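The values are calculated or read from the model by the stated rules, or taken from the named source; none is laboratory data. It should be emphasised that the depicted structure is a prediction, and the values quoted were computed from it without experimental measurement. Using ideal geometry, Cβ is built from the backbone for each residue, glycine included, and neighbour counts are taken over all protein chains shown.
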Amino acid sequence: MAGDHDDDLTAERTEGFKVGEKKTLDEYKQLDQNDESLRKWKESLGLGSGKDLSDPNDPRKCIILSLGLEVEGRPDIIIDLKAPGAVEALKNQPFTIKEGAQFRMKAQFKVQHEILAGLKYLQKVSRMGLSNKMQEMMGSYGPNTEEKPVYEKKFEPETAPHGFAARGHYKAVSKFVDDDDVVHLHFEWSFDIKKDW
């Protein structure tokens, strides 16, 4: 789906950080019950609290359900990625963002089968030969349960560029990737910065 021009869209690595040993959900559940910090970590991931909603017929570990754009005082723009062709349509159906507007992106997603460690959102925005990259840490998550059927992560607020030179059409490439370098969604999209909505 994405072209060769986005090959440099990789996650930043923290020097000295090593991904921990991979364990199954059952192995995590059996870890030392007397370790208070470990117990709290497992609770934060929702391990052992409710029925696992993983679909045995769907091998995906992370399913991005929707992307949204929040702007105070305006209805949210939500793109339902479950709809057929929704990801492909993003490239040719740009968002409009008012110059100088404060906005926040958000994602809804599901986790299945095992712990998802270190989910990150990576983005590269390009216009007229110039590009800008960003990375948003989303965290680690256990499989969704009846108590928590969907996760939602709101990203840090951003301010759209403003001024005559900032107005125009922007192209973007984004992906959701985890600490194991598994890409869960990779897509191209676009947006227009305009004087008004």
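Restricting the first residue to the range 71-88 and requiring it to be in a loop (DSSP other than H, G, I, E, B), which pairs with a second residue that is surrounded by fewer than 10 Cβ atoms within 10 Å (Cβ to Cβ) meet a Cβ separation below 8 Å and a spacing of at least six or different chains?
If the second residue must be surrounded by fewer than 10 Cβ atoms within 10 Å (Cβ to Cβ), the pairs left are ARG74/TRP197.
Scan the range 162-178 residue by residue and report those that are surrounded by fewer than 18 Cβ atoms within 10 Å (Cβ to Cβ) and touching a strand residue (DSSP E or B) at 6+ places or on another chain (Cβ under 9 Å).
The answer is HIS162, ALA166, ARG167, GLY168, HIS169, LYS171.
Table: residues versus (1) assigned to a strand (DSSP E or B); (2) basic (Lys, Arg); (3) modelled with pLDDT of 95 or more.
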{"residue": "ASN92", "(1), (2), (3)": "no, no, no"}
{"residue": "ILE97", "(1), (2), (3)": "yes, no, no"}
{"residue": "ALA107", "(1), (2), (3)": "yes, no, yes"}
{"residue": "LYS110", "(1), (2), (3)": "yes, yes, yes"}
{"residue": "GLU114", "(1), (2), (3)": "no, no, no"}
{"residue": "LEU119", "(1), (2), (3)": "yes, no, yes"}
{"residue": "LYS124", "(1), (2), (3)": "yes, yes, yes"}
{"residue": "ASN132", "(1), (2), (3)": "yes, no, no"}
{"residue": "MET137", "(1), (2), (3)": "yes, no, yes"}
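How about the range 154-186: which of its residues are in a strand (DSSP E or B) and out of contact with any Leu (no Cβ under 8 Å at 6 or more places or on another chain)?
Residues satisfying the conditions are LYS154, GLU158, THR159, GLY168, HIS169, TYR170, LYS171, ALA172, VAL183, HIS186.
Identify, from the list ARG104, ARG60, the residue that is over 16 Å from LEU185 (Cβ atoms) and among the charged types (D, E, K, R).
ARG104
Being without any contact (Cβ under 8 Å) to a residue 24 or more places away in the chain and surrounded by fewer than 16 Cβ atoms within 10 Å (Cβ to Cβ), is that true of even one residue in the range 139-146?
Scanning the range 139-146, I find at least one residue that is without any contact (Cβ under 8 Å) to a residue 24 or more places away in the chain and surrounded by fewer than 16 Cβ atoms within 10 Å (Cβ to Cβ), so the answer is yes.
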